[in-house]
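One structure below.
Please treat every number below as a calculation from the coordinates, not as lab data. Quick caveat: nothing in here was measured; it's all calculated off a predicted structure. A quick note on method: Cβ atoms are made from the backbone with ideal geometry, for glycine too, and the neighbour counts reach across all protein chains shown.
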Amino acid sequence: MSVLVLAELDAGALSPTTARIVTAAARLGPVDLLVVGPHAAAETAAGIAGIGKVMVSDNNLLADDLVRLLETLATRYHYLVSAASSVGRDAMPRLAAKLDIQPVTDIVAIESPNRFVRPIYAGNALQTLVDPQEKHVLTIRASAFAPTASGNAAPIETLDTPLASAARLMATHRTESDVPDLANARIVVGGGVAVGSAEGFQVIENLGKILGAAIGATRAAVDAGYAPNAWQVGQTGKIIAPDLYIAIGISGALQHLAGIQGARRIVAINTDPDAPIVKLADLALIGDLFEIVPQLIDELEKLGIKS
Amino acid sequence: MKILVAVKRVVDHNVRIRIRPDGSGVETNGVRMSMNPFCKHAVEAAVQLAEAGKADEIVVVSVGPRAVNDVILTALAMGAHRGILVETDADLETLAIARLLAAIVAEERPDLVLLGKQAVDDDSGHVGPMLAALTDRPQASFASAIAVDGVELEVIREVDHGRETLRLPLPAIVTADLRLNMPRNAALPMVMKARAKPLAIRPAAEFGLDLAPRLQVAGIAPPPERVAGRKAGSVAELAAFIATTVRAGEALQ
């Protein structure tokens, strides 16, 4: 039962997400990768252990062209798989409809090659689905799977993809940051609306810096303009699964909790001892974040944790 | 320009859901229902385009049991001109819904179809891109801004690493993200007026499509519970806990 995985890229380079999707896909059968981007990304992809081959199409494809390419490759595979990323969520349902397949998306567990678990209601319930279709279109929540190690030199095949999209990409605006990518971070420091301002987020970033952490924010903090929307964690933002999540000035709205349920440990700093996040956290400190966080940075430095 | 907006009725997003004890699903009987928040952004976008003189007709469509008329009326009160209910009591999969909507698109021939980017019940986000596939139209999902300029749309999309700007020729399919706009609450006179607007009820069977589910739901379960933690007595205790966790994580690498 062969599997084609659409590799996830970030600014033209292979994203660490790809190796996580490969882990999930390898449970289904032998895996080939499709890289839509530079040849260098395909070379990185070819190093992922267990991959049969890498196909590369050096284009920047919009959903309709990407789906046309996947459709031509679909005849050879039983499973067509991507990350549940903004690319996968855009393209895979379109592909599924073209192939007359009901897709299964945002998979967090694979119980057997046709039995999948996915969260619904913002992670407040888990749905188990049996997919008896001959061919499967799936998206995988990367944070639910560990990355596959590297150690391979799979052959690379170059594809020539004609462009036919009626839509045109005019501009991309990247949220530039020197902090780790949220979706793959081991430590995430998140700020809520209680941080109070974009300047206030500097306090969150300072703590993030000494921990080598990615920075997250609640929807309310993003809506208030304190943090860029690429930082949003929750049902409508990124889903994260770090070893440690430090929630600062975050009350814990259902919307936000949906994005952090995969965190192994949660620490909260909040003025309200009854906030939902405080009840959920492994350890919570009650008090003012602007007093606590600078002290916390000092204490962590004393313990030998430095950027 | 004619706009079709597809909306979904879901358990109100402020309601804490209850899973049925037999694991067959989420309890919806006696639970407050409302229009999916993302669909509200789609309706609002359509109404704003009409107010700006860019659109002359807004048709709102939903699929489901008769009770779904509530959310169609909400959209009519917000400013849509007429409604269509594709009536069915069956619990349809996203592909079946997209196929019914494609049949409506074939009848109505809208220049623009607006949908929410996902519904907050099943969190699928399938229907917009599926409808684009079935009607062979270009798509722009997760829109945070829409501008119409002659026969083209300019859409800003929210993507994982920031934003991107697309231009699409009409007809096209666009799905709405939260920052697209601030949906209005319809004033009471508009709600009264909405009841006088045309609302067609079309049995799903009328479309002659095979709507049978492709997947089997084996069960619905609550997520694993987190054990409630404790409160730290000092910043030093918090720092020690963080340091231990960080070092344990490093050891696993």
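When you restrict to C-alpha pairs under 8 Å that are six or more residues apart and normalise by the size of chain A, the relative contact order lands at 14 percent.
Which is the longest run of chain B containing none of the trypsin sites (Lys or Arg not before Pro) found in DSSP loop states (not H, G, I, E, B) with at most 13 other C-beta atoms within 10 Å? Walk me through the intermediate numbers first.
Working: sites that count: B:16, B:32, B:195.
Longest stretch, sites excluded: B:33-194.
Taking 13 Å as the cut-off, no amide N atom of the range B:105-135 comes nearer than this to a point 7 Å along the Cα-to-beta-carbon line of residue A:130. Sequence-ordered 3J(HN,Hα) estimates for the range A:208-225 from the Karplus curve with 6.51, -1.76 and 1.60 and θ = phi - 60° stand at x, 4, 6, 8, x, 9, 7, 10, x, 8, 7, 4, 4, 5, 5, 4, 6, x Hz, glycine and proline given as x.
Note down the relative contact order for the range A:182-302 as a percent, whole number, built from C-alpha pairs under 8 angstrom at least six residues apart.
Details: 268 pairs, mean separation 29.4, N = 121.
Relative contact order for the range A:182-302 comes out at 24 percent.
Counting every pair of alpha carbons in chain A, the share spaced more than 34 Å apart comes to 27 percent. Can you tell me how the range A:140-222 classifies by the Cα gyration tensor, rounded, prolate or oblate, using a/c under 1.5 as the rounded cut? Here the range A:140-222 falls in the oblate category. Amide H to amide H distances under 5 Å link residue A:125 with A:120, where only residues 5 or more positions off or on other chains count and H is placed in the peptide plane. Close amide H partners of residue A:284, meaning residues 5 or more places away or on another chain with modelled amide H under 5 Å apart, are A:268, B:230, B:231, B:232.
Kindly state, to the nearest 0.05, the FRET efficiency for residue B:191 paired with residue B:136, given R0 = 41 Å and r defined as their beta-carbon distance. Provide the component values of the computation, followed by the final result.
On the way: r = 37 Å, r/R0 = 0.91.
Computed FRET efficiency for residue B:191 and residue B:136: 0.65.
Helix B:37-51 axis versus longest C-alpha principal axis of chain B: approximately 40°, rounded to the nearest ten. According to the Kirkwood relation over distinct C-alpha pairs, the hydrodynamic radius of the range B:12-157 is 16.4 Å. Close amide H contacts of residue B:84 (hydrogens built in the peptide plane, cut-off under 5 Å, sequence separation of 5 or more or a different chain): B:60, B:61, B:62, B:200.
Based on Cα coordinates alone, diagonalise the gyration tensor for the range A:178-307, multiply each eigenvalue by 5, take square roots, and list the semi-axes in whole Å, largest first. Before the final figure, lay out the partial values.
Numbers: eigenvalues 71, 52, 45 Å².
Rounded to whole Å, the semi-axes are 19, 16, 15.
Per-residue 3J(HN,Hα) values for the range B:220-229, derived from phi via the Karplus relation 6.51 cos²θ - 1.76 cosθ + 1.60 with θ = phi - 60°, read 10, 10, x, x, x, 6, 7, 6, 4, x Hz in sequence order (x marks Gly and Pro). Note on residue A:279: lysines with a C-alpha under 20 Å away, same-chain residues under 8 apart excluded, are B:231. Between the C-alpha center of the range B:208-248 and that of the range A:160-193 there is a gap of 25 Å.
The 3J(HN,Hα) values that the Karplus relation (6.51, -1.76, 1.60; θ = phi - 60°) gives for the range A:38-47 are, in residue order, x, 4, 4, 5, 5, 5, 4, 4, 5, x Hz. Gly and Pro appear as x.
Spatially, the range B:89-144 and the range A:81-134 are offset by 17 Å when compared through their Cα centroids. Every helix of 4 or more DSSP H residues in chain A counts as -39500 (n - 2.57), and over all residues that averages to -8000 deg cm²/dmol at 222 nm.
Across the range B:2-207, C-alpha contacts under 8 Å between residues 6 or more apart give a mean separation that, scaled by the residue count, equals a relative contact order of 25 percent. Note on the range A:58-109: Rg/Rh from Cα positions, Kirkwood definition for Rh, rounded to two decimals, is 0.94. In degrees, nearest 10, range 0 to 90: what is the angle between the Cα axis of helix A:289-302 and the longest Cα principal axis of chain A? Between helix and principal axis, roughly 80 degrees. The residue among A:277, A:42, B:174 whose Cα reaches farthest toward the positive pole of the charge dipole of the protein assembly as shown, with charges on the beta-carbon of Lys, Arg, Asp and Glu, is A:277.
What you get for chain B, charging only the Cβ of Lys and Arg (+1) and of Asp and Glu (-1), is a dipole of about 660 debye around the Cα centre. Its Cα centre serving as origin, the range A:182-302 has a Cβ charge dipole (Lys and Arg +1, Asp and Glu -1) of approximately 500 debye.
Decide, for the range A:262-307, between rounded, prolate and oblate: order the square roots of the alpha carbon gyration tensor eigenvalues as a ≥ b ≥ c, take rounded if a/c falls under 1.5, and otherwise choose prolate if a/b is larger than b/c, else oblate.
Values: a/c = 3.29, a/b = 1.46, b/c = 2.26.
Verdict is oblate for the range A:262-307.
Across peptide A:97-108, the average count of Cβ atoms from other chains found within 10 Å of a residue's Cβ is 5. Of all DSSP beta bridges confined to the protein assembly as shown, the antiparallel ones make up roughly 35%. Among the lysines, select those whose C-alpha is under 27 Å from the C-alpha of residue B:40, and discard any that sit fewer than 8 residues away in the same chain. Output for residue B:40: A:238, B:2, B:8, B:54, B:117, B:193, B:197.
Note on the protein assembly as shown: Rg/Rh from C-alpha atoms, Kirkwood Rh, equals 0.96. Determine which lysines satisfy two conditions relative to residue A:306: a Cα distance under 24 Å, and not lying fewer than 8 residues away in the same chain. Counting by Cα, and skipping residues close in sequence, residue A:306 has these lysines nearby: A:209. Calculate how steeply helix B:235-252 sits against the longest principal axis of the alpha-carbon atoms of chain B, using the helix alpha-carbon long axis, and give the answer as 0 to 90 degrees to the nearest 10. Approximately 80 degrees, to the nearest ten. Take the Cα of residue A:150, go 7 Å toward its beta carbon, and the backbone nitrogen atoms of the range A:7-29 under 19 Å from that spot belong to A:7-24.
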